[in-house]
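Worksheet for the structure shown next.
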Amino acid sequence: MCTVTIIPTKNNDFVLTTNRDEAPDRVSLIPDFYTIDNTKLLFPKDKMGGTWIGISEKNRVVCVLNGGFVNHERQSSYRKSRGIVANDFMISDDIAATIEGYNLQDIEPFTVVIADWNTNLKFYELVWDGKYKHFIELPLESRIWSSSTLYSDGMQRERQQWFENFEALSDLNADALLEFHSTTDANNMDYGIVMNRSFVKTMSITQVEKRGNDVEMRYENLENKQVTTKTFNLPQVVNG
């Protein structure tokens, strides 16, 4: 939820990979299938019942990063967790309409990356800065995000350069992106792609790869090295 990359591949397909930087004592469950409002979902569940990354039978992937454009001062409590917002976005019939009408007041700032393929593949970004929504459709191009709550502007720029250098030298695919998310600047514990500041560290790497009607989620727990892989078989979509 704190480092995310996305790339389009071919035939309406894509790969999204995310590193979750979190307090080591914050427990989460490995990915599993759930049904919310008669909608089948696949996601790793956090302690509040939400998630930072999930697949929906509504032909959508939703991924959450902490923070908006800049770091913010946390309140003592919030009305709803960002992980529950992710669930709400996954079960939406029309993601753009849902975001337009969604009440985000008294919810901690966040950034959401969305891949939606109800017609042709589309990438979206929603930034909630605590006051205003900033919702845009993105070009179908490779991109990296780093959470503003953990990474300064300078760190984010350097990570962006790492990604651009990696892209220039690699044939970007699922395996290459796992390598990037696992090994880039490995000795840099402060802001390497896998980081460890003791009170917060990279706890897991989750990758979602869409290949036709199959969407695979690969989840690696970096603490015990356990890898869980599950495949979501989705109904065929006729491209518009």
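At a glance:
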item: Checklist (1) in a loop (DSSP other than H, G, I, E, B); (2) under 24 Å from Gly101 (Cβ atoms) applied to Glu137, failing item; result: (1)
item: Total residues in region 141-155, condition without any contact (Cβ under 8 Å) to a residue 12 or more places away in the chain and crowded, with 17+ Cβ neighbours inside 10 Å; result: 0
item: Count - residues of region 103-145 that are touching a strand residue (DSSP E or B) at 6+ places or on another chain (Cβ under 7 Å) and of a type in the set (S, T, N, Q); result: 2
item: Selection within region 92-101 - assigned to a loop (DSSP other than H, G, I, E, B) and out of contact with any helix residue (DSSP H, G or I) (no Cβ under 7 Å at 6 or more places or on another chain); result: Asp93, Asp94
item: Counted residues, region 213-226 - those being surrounded by 12 or more Cβ atoms within 10 Å (Cβ to Cβ) and either farther than 24 Å from Ala115 by Cβ or not charged (D, E, K, R) (or both); result: 6
item: Test: residue in region 159-175 that is hydrophobic (A, V, I, L, M, F, W, C), part of a strand (DSSP E or B), closer than 22 Å to Val64 by Cα and out of contact with any Cys (no Cβ under 6 Å at 6 or more places or on another chain); result: no
item: Every pair of residues 6+ apart whose Cβ atoms lie under 6 Å, when the first sits in region 70-96 and is under 20 Å from Thr35 (Cβ atoms) while the second is modelled with pLDDT under 90 and surrounded by fewer than 16 Cβ atoms within 10 Å (Cβ to Cβ); result: Ser81/Met48; Gly83/Met48
item: Members of region 117-127 that are of a type outside the set (S, T, N, Q) and outside any strand (DSSP E or B); result: Trp117, Leu121
item: Considering residues of region 70-90 that are buried (at least 21 other Cβ atoms within 10 Å of the Cβ) and among the aliphatic types (A, V, I, L, M) only, the residue nearest to Lys131 (Cα to Cα); result: Val85
item: Checking Ile114 against (1) more than 25 Å from Ser142 (Cα to Cα); (2) part of a strand (DSSP E or B), the condition it does not meet; result: (1)
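The values are calculated or read from the model by the stated rules, or taken from the named source; none is laboratory data. On a predicted model such as this, the values are computed, not experimentally measured, just so you know. For neighbour counting, all protein chains shown are included, and Cβ atoms are generated from backbone atoms with ideal geometry for every residue, glycine included.
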